[in-house]
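What follows is one structure encoded as structure tokens, with my remarks underneath.
The values are calculated or read from the model by the stated rules, or taken from the named source; none is laboratory data. Quantities reported herein were computed from a predicted structural model and do not represent experimental measurements. Quick reminder, even Gly has a Cβ in these numbers, built from the backbone with ideal geometry, and neighbours come from all protein chains shown.
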């Protein structure tokens, strides 16, 4: 079954957190709050489109421990 799409006009935002709205992942939002969006964007730019990566991979590139930020290092993400 193909995924269903939803018109953007029907999406209801429940937060005004700019980091969460930009990255659409609570773990990436926490990292962005800690190091800044520009630094996180530079790391994320190193991943190719459709290439899966984990929060642990991002933290390793940044030299940050998952315990410092209370994030789930096993979460798998991908760029579109």
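Restricted to the range 1-24, and to residues there that are in a loop (DSSP other than H, G, I, E, B) and touching a helix residue (DSSP H, G or I) at 6+ places or on another chain (Cβ under 8 Å), the residue that is farthest from residue 64 (Cα to Cα) is 13.
Number of residues in the range 27-52 that are surrounded by 14 or more Cβ atoms within 10 Å (Cβ to Cβ) and either modelled with pLDDT of 95 or more or assigned to a helix (DSSP H, G or I) (or both): the value is 13.
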